[in-house]
Amino acid sequence: MSDGLWVLFVTAAVFTVASLIALWVTARRDPRRLRCAVLLLIAAFWLLVTLVTASPMFGERGQTIFLVIAGVLLVAWLAAMGMLPLLLVIDGLIVLRREGIRSRTGLLVLAAGIALLLLPGVTASLARNDRWWSMALFTLVTFIGTYLGTFLVVMLAQFVVRALFGGRRRVPDPDVLIVLGSGLINGKVPPLLASRLDRALQVSAEEALQGRRPMFVVSGGRGSDEPRAGAEAMAEYLTSRGVPDERIIVEDRSRSTRGNLVNSTRLLRERGIGGPMLAVTSSYHTTRTDVLAADLRLDDVFVTGAHTAWYYAPGAYLREYIGVLTYRLPLNIGVGIFCVVAAVAMAWATSRVG
């Protein structure tokens, strides 16, 4: 190994260790923050650089093995990204067939898949057009697409962080289980909401083995098309499965995840109930709930997830991604202004050169 390559290897190794230490410290303090995902990606980058620079140490065979592994991973990633639009279209059609043509999740997934299918052709057409407005649109689409893609990677990294540091592992013995509502069907608990309640019952049963009896907070208001509040039906579901009324607190005013968390914790404070709390929701909804709880500075609230049907998951995760984006409105506005200014500046410079 040459001196220059050796210096690069040592530098990359130092940055890898430093990034991992920073990730460990930050995640142990609060794994709900998106900065943990950023640190994970930084650590992964420097680890990759370390492995690349270290490959000459293992001779030609070691380099060959490394290149084969890297090539397989790259091809798999490119194949997954290339198939993503088609898979979204197929999944959107499946959701619409199962849940009806008015399913917002199905329509969102279908629209996203169609947009991604059309995107390469649109950008190629803009790039071939030599007019200034075409260059401006091409630059704008490229910049915004890069930002949205980067944010998606950060969200995926956050899923890994919460799997390693958050959820039930973070709160092994909760004093309170907050079950987040998801809407009723004909005034009754639908399967999606039942899975959340069943997950809460499972956690309660696990705690009962240690002689603990956590409180339940069922949180959900009445939708415009619902005959009663979701929390009322949720409470009935729990009592029908043996949970006594005195262990159930009903929060029936919430219409959003933010309302679920804010109103539930307020009711608990009014009753003088504290301690670690575990919010129970669907698996696809855990990361957004985690991020929101951190933004609201609810230090004692962490999240666990219930199983979600496979066909529903892609659209649900897409909605969660959009939801977390909306929580970063100042950042999005700043990025949007930068992209517009950069697009106009590049179009102007291109027209001047031409």
In Å², what does the accessible area per residue of the chain work out to with a 1.4 Å probe? 55
For every helix of n ≥ 4 consecutive DSSP H residues, a contribution of -39,500 (n - 2.57) applies; sum these over the chain, divide by its total residues, and give [θ] at 222 nm rounded to the nearest 500 deg cm²/dmol. -24000 deg cm²/dmol
Checking rank on 326-335, 111-120, with mean other Cβ inside 10 Å and highest first, the result is 111-120, 326-335
Under a 1.4 Å probe, counting only protein heavy atoms, LEU107 has an accessible area in Å², nearest 10, of 80
What residue among PHE159, PHE45, PHE216 shows peak mean-square fluctuation when the chain is described by a Gaussian network model with Cα springs under 10 Å? PHE45
Mean Cβ-within-10 Å packing, highest first, puts peptides 137-146, 71-80 in the order 137-146, 71-80
At a 1.4 Å probe radius, which order do SER283, SER125, SER219 fall into by accessible area, largest first? SER125, SER283, SER219
Diffing segment 319-335: the Karplus 3J(HN,Hα) column from phi (6.51, -1.76, 1.60, θ = phi - 60°), in whole Hz with x for Gly and Pro, holds 4, 5, 4, 5, x, 5, 4, 5, 6, 10, 4, x, 4, 5, 5, x, 5
How much of the DSSP beta bridge set in the chain is antiparallel, as a percent to the nearest 5? 5
Round to the nearest 10 and give me the degree value, 0 to 90, for the angle of helix 257-270's Cα axis relative to the longest principal axis of the chain. 40
Where does helix 3-29 land angle-wise versus the long Cα axis of the chain, in degrees 0 to 90, nearest 10? 20
Counting only other residues whose beta carbon sits under 13 Å from that of GLN202, what net charge do I get with K and R as +1, D and E as -1? +1
Compute the acute angle (0 to 90°) between the alpha-carbon long axis of helix 34-54 and the principal axis of greatest extent of the alpha-carbon atoms of the chain; round to the nearest 10°. 40
What percentage of the solvent-accessible surface of the chain, computed with a 1.4 Å probe over protein heavy atoms, is contributed by carbon and sulfur atoms? 66
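The values are calculated or read from the model by the stated rules, or taken from the named source; none is laboratory data. Keep in mind the model is a prediction, meaning the values are calculated, not measured. All Cβ positions, glycine included, derive from the backbone under ideal geometry; neighbour counts span all protein chains shown. Accessible surface is based on the protein model in full, side chains and every heavy atom, while ligands, DNA and RNA are left aside. Shrake-Rupley method; radii C 1.70, N 1.55, O 1.52, S 1.80 Å.
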